[in-house]
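Quick one: the structure is below, questions incoming.
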Amino acid sequence: MASTQDSVLREFCPLYNLLNAIPVKVQRGFRSVLVYLTAVDCSPDFVAVGSSIGMLYLYCRRQGHMTKYSIEGKTDSLTAVKLLSCFDDLVAVGTASGRVAVFQLVSPLPGRNKQLRRLDVQGLHRGPVTALAWSTNGMKLFSGDHKGRVVFTALDLDQ
């Protein structure tokens, strides 16, 4: 039987730089809107945090800086975030309306991706995306929604 200590996540350095870089409120027209943190995933290089305002906050642990990414169009709460570090760093996000977006991050390695790329998967989920999973090589993304529907998306980032 596994002890409860086995399932506890711990970060040994405080993440004040990450939390201080995410605003508490944002302006939408003439009113202020509170920002809620709705999804999180981490890797040895990054911490990805989804928000209720449709922004993905990506904190680089090595450089100690934050980058913001948004899904264009309707501002939707992010409900799932999944990082993958392989040949390229990839981030998949799912929204409350069923959209899935994949960000291919800029790579410092020679011959790899030199600009941010975003791929959208739309119309396959009719409700909130609740789970995301990558294959080891980053060529397959599985997304699941609140009704139990699982969608397989094949990605070829070199084309």
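Based on what the data block shows, is VAL106 touching a strand residue (DSSP E or B) at 6+ places or on another chain (Cβ under 9 Å), closer than 30 Å to LYS147 by Cβ and surrounded by 13 or more Cβ atoms within 10 Å (Cβ to Cβ)?
It is false that VAL106 is touching a strand residue (DSSP E or B) at 6+ places or on another chain (Cβ under 9 Å), closer than 30 Å to LYS147 by Cβ and surrounded by 13 or more Cβ atoms within 10 Å (Cβ to Cβ).
Filter the range 1-47 down to residues that are within 23 Å of LEU132 (Cβ to Cβ) and acidic (Asp, Glu) and give me whichever is modelled with the highest pLDDT.
ASP41
Out of the range 44-86, which residues are touching a residue at least 12 places away in the same chain (Cβ under 8 Å), within 12 Å of LEU105 (Cβ to Cβ) and surrounded by 14 or more Cβ atoms within 10 Å (Cβ to Cβ)?
ASP45, PHE46, ALA48, LEU56, LEU58, CYS60, TYR69, LEU83, LEU84, SER85, listed by residue number.
The values are calculated or read from the model by the stated rules, or taken from the named source; none is laboratory data. Since the structure is predicted, the reported quantities are computational estimates derived from the model, not experimental observations. Glycine also receives a Cβ, built like all others from the backbone with ideal geometry; neighbour counts cover every protein chain displayed.
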